[in-house]
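The values are calculated or read from the model by the stated rules, or taken from the named source; none is laboratory data. Quick caveat, the model's predicted, so the values are computed rather than measured. All Cβ positions, even for glycine, are placed from backbone atoms using ideal geometry, and neighbour counts span all protein chains on display.
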Amino acid sequence: MQDRFVIYGADDIKPFSCKADYGRMIDYFLQADKNFLIDMGVDPGKLPSRNDWLRRLLPDLERPDCEKQTYFLSWLHNGVAIGHSNVSKIRYGEEAYIHLHIWVPECRRVGMGTEFLRQSANTFIRKFALKSLYSEPYAENPAPNRALSKLGFRFIKRYWTVPGFVNFDQEVNQYVTQHEI
């Protein structure tokens, strides 16, 4: 039997496949500066412990795609994980909500996020047979709003909500795409 492996390019995406992948994502949040989190719309007081977060996420590694609650992709630059994208609120064959984060400050504001977002969105659309892929970034966080618009996500509305379990009540911009980008 031939060994199977994947060689990733200089800038590529890779599905989370183990506890360590999730650990890097969790550490990004737990080790972040309080003001940085707030600027993203995250309430530092709502962040779960590392173990609680892992207990919440790891079961999705074993679930079939049609039962996953979340799905994560690592963003790799020169073979090093520098960020991630994930979907939540997955309704297989229907819709999901995409999130995006660049962990490494030096990799922000240089255009990498837009291309990683494109690759991630297309992967999620194909993998989960999505008719609609939504995103609801904090209205006061310009980076994800700019990337979504640049890629052709359609702006739907601005409204107040608590978009996720780690967020405070905030005004978000809701976007959607209904095709690969």
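Below are the figures for this structure:
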{"item": "Selection count where residues are farther than 22 Å from residue 33 by Cα, in contact (Cβ under 8 Å) with a residue 24 or more places away in the chain and in contact with a strand residue (DSSP E or B) (Cβ under 7 Å, 6 or more places away or on another chain), scope the stretch 69-88", "result": "7"}
{"item": "Subset of the stretch 53-68 [free of Cβ contacts under 8 Å to residues at least 60 places away in the same chain and acidic (Asp, Glu)]", "result": "60, 62, 67"}
{"item": "Those residues of the stretch 91-118 which are assigned to a helix (DSSP H, G or I), more than 15 Å from the chain's Cα centre (by Cα) and surrounded by 15 or more Cβ atoms within 10 Å (Cβ to Cβ), in sequence order", "result": "107"}
{"item": "Among (1) touching a helix residue (DSSP H, G or I) at 6+ places or on another chain (Cβ under 7 Å); (2) under 21 Å from residue 144 (Cα atoms); (3) part of a helix (DSSP H, G or I) - the single one residue 85 does not satisfy", "result": "(3)"}
{"item": "Filtered residue count, the stretch 66-96, keeping only those that are among the acidic types (Asp, Glu) and under 13 Å from residue 125 (Cβ atoms)", "result": "2"}
{"item": "Some residue of the stretch 74-81 being under 17 Å from residue 167 (Cα atoms) and under 16 Å from the mean Cα position of the chain (by Cα)", "result": "no"}
{"item": "Counted residues, the stretch 106-127 - those being modelled with pLDDT of 95 or more and of a type outside the set (Ser, Thr, Tyr)", "result": "10"}
{"item": "Leading residue by the ranking (nearest to residue 91 (Cα to Cα)) among those in the stretch 138-166 that are in contact (Cβ under 8 Å) with a residue 60 or more places away in the chain and out of contact with any strand residue (DSSP E or B) (no Cβ under 6 Å at 6 or more places or on another chain)", "result": "164"}
{"item": "Residue 130, sole failed condition from (1) buried (at least 16 other Cβ atoms within 10 Å of the Cβ); (2) modelled with pLDDT under 95; (3) in a loop (DSSP other than H, G, I, E, B)", "result": "(2)"}
{"item": "Output for the stretch 30-51, where each listed residue is on the phi < 0 side of the Ramachandran plot, in a loop (DSSP other than H, G, I, E, B) and surrounded by 12 or more Cβ atoms within 10 Å (Cβ to Cβ)", "result": "32, 43, 47, 48"}
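Yes/no matrix, rows are residues, columns are (1) in a helix (DSSP H, G or I); (2) among the acidic types (Asp, Glu); (3) at positive phi; (4) surrounded by 12 or more Cβ atoms within 10 Å (Cβ to Cβ):
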| residue | (1), (2), (3), (4) |
| --- | --- |
| 12 | no, yes, no, yes |
| 17 | no, no, no, no |
| 25 | yes, no, no, yes |
| 28 | yes, no, no, yes |
| 63 | no, no, no, yes |
